[in-house]
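Where a number appears in this text, it was derived from the coordinates with a stated rule and is not lab data. Keep in mind the model is a prediction, meaning the values are calculated, not measured. Glycine gets a Cβ as well: all are built from the backbone with ideal geometry, and neighbour counts include every protein chain shown.
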Amino acid sequence: MEEAAVAVMREFLGGFAPRVGLVLGSGLAGLADAVERTVVVSYGDVPGMPEPTVPGHHGEFVGGMLEGVPILLQRGRLHLYEGHAPDVAVLPIRIMAGLGVRTLILTNAAGGIRRTMVPPALMLIVDHINLMFRSPLAGPGRPGEERFPDMSAPYDPALRGVARAVAAREGIELHEGVYAAVLGPSFETPAEIRMLERIGADAVGMSTVPEVITARAAGMAVLAISSITNAAAGLSAAPLNHEEVLAAGASVARDLERIVRGVIRGL
Ligand code: HPA
């Protein structure tokens, strides 16, 4: 599936060779507008790519320069909760790998579990817990991918160091923690959040982990940052809704953009 998609993307990109892949989360897609000398490729033009179904998510790849670095940005993530099979949800990552991308930067919206992290806030993901109980690597092994990838340091320590340094320099508070990935699309119950807290999760969301697993299998270095848009269920009196997630994401989006730009500039 990915060979045909990579071939089509190569044609659209016409010799443009991205080094960095960027996947932007809910309410965080603004960085796409900052990409210079842009090539936009609709998912509909790429074999195997479905249309995203979530408000706040577009459906296109954006190629161009950001901070002087050639990047390929995925605007419109594919979530498992939309009903996409895991290997479909991560096709953009396999396309990036096929195009030679070696560094993947992901953002997402997440619910905050650790009580000292008051939303809206930013959290550098240092590790994850995969509670989606699915892997994009299940099925036949793929050429160029590790069959049993090591996951002892899925989030690149050097990139994390750079992100930390950029945040400190820019005066942006950047928490660090463990991201638990759940299938969704319902938000969690308070009992589920208490369980997640006990097993060591600091934040919870419905994305990112399938992409990270795929990227690690393909040998990419990964950086991921969560926008903590709300206190997870049961930690505040307010019921959760997607509109609130989008609005809160927008309020820290500028800080997150500054961190991502700073990291890319340092590559
Ligand atoms: N739970 C799961 N996913 C989320 C949340 C949440 O509270 N907020 C944003 N994405």
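Can you compute the modelled spin-label distance between residue 241 and residue 10, with each label point 7 Å from Cα toward Cβ, in nm?
Going by the 7 Å Cα→Cβ label model, 4.8 nm.
Using only the alpha carbons of the chain, what is the convex hull's orientation-averaged projected area in square nanometres?
12.7 nm²
Relative contact order for the stretch 159-254: what is it in percent, counting Cα pairs under 8 Å that are at least 6 residues apart?
RCO, the stretch 159-254: 28 percent.
Using 0.36 nm per residue of separation minus the Cα-Cα distance, give me the extension gain between residue 3 and residue 115 in nm, one decimal.
My answer for the length gained is 35.8 nm.
If you take every DSSP beta bridge fully contained in the stretch 1-97, what fraction is antiparallel? Give it as a percent rounded to 5.
In the stretch 1-97, DSSP labels about 75 percent of beta bridges as antiparallel.
Could you grab the relative contact order for the stretch 162-209? Cα pairs under 8 Å, six or more apart, rounded to a whole percent.
Once divided by the residue count of the stretch 162-209, the mean separation gives 46 percent.
Could you grab the Rg to Rh ratio for the stretch 1-100? Cα atoms only, Kirkwood for Rh.
0.93
Between residue 170 and residue 186, what length comes free when the chain is fully extended (0.36 nm per residue of separation minus the Cα-Cα distance, one decimal in nm)?
Here the segment from residue 170 to residue 186 would lengthen by 2.2 nm.
Could you list the square roots of 5 times each eigenvalue of the Cα gyration tensor of the stretch 126-267, that is, the equivalent ellipsoid semi-axes, sorted largest first and rounded to whole Å?
Listed largest to smallest, the semi-axes of the stretch 126-267 are 25, 23, 13 Å.
Which value, in debye to the nearest 20, gives the size of the charge dipole of the stretch 137-227 about its Cα centre, when Lys and Arg are +1 and Asp and Glu are -1 at the Cβ?
So the dipole magnitude of the stretch 137-227 works out to roughly 160 debye.
Please identify the chymotrypsin sites (Phe, Trp or Tyr not before Pro) of the stretch 115-220 that satisfy two criteria: DSSP loop assignment and at most 16 other Cβ atoms within 10 Å. Which are they?
Answer in residue order: 133.
Starting with the highest mean, order 138-146, 30-38, 104-112 by the number of other Cβ atoms within 10 Å, averaged over the residues of each peptide.
In decreasing order of mean packing, 138-146, 30-38, 104-112 become 104-112, 30-38, 138-146.
Which percentage, to the nearest 5, of the DSSP beta bridges contained in the stretch 119-267 is antiparallel?
30 percent
What share of the DSSP beta bridges in the chain is antiparallel, in percent to the nearest 5?
40 percent
For a protection proxy built on the mean count of beta-carbon atoms within 10 angstrom, sort 232-243, 247-258 highest first, please.
Per-residue Cβ counts within 10 Å, averaged per peptide and sorted highest first, yield 247-258, 232-243.
In nm, what is the difference between 0.36 nm times the number of residues separating residue 195 and residue 146 and their Cα-Cα distance?
Extending this stretch completely gives an extra 14.4 nm.
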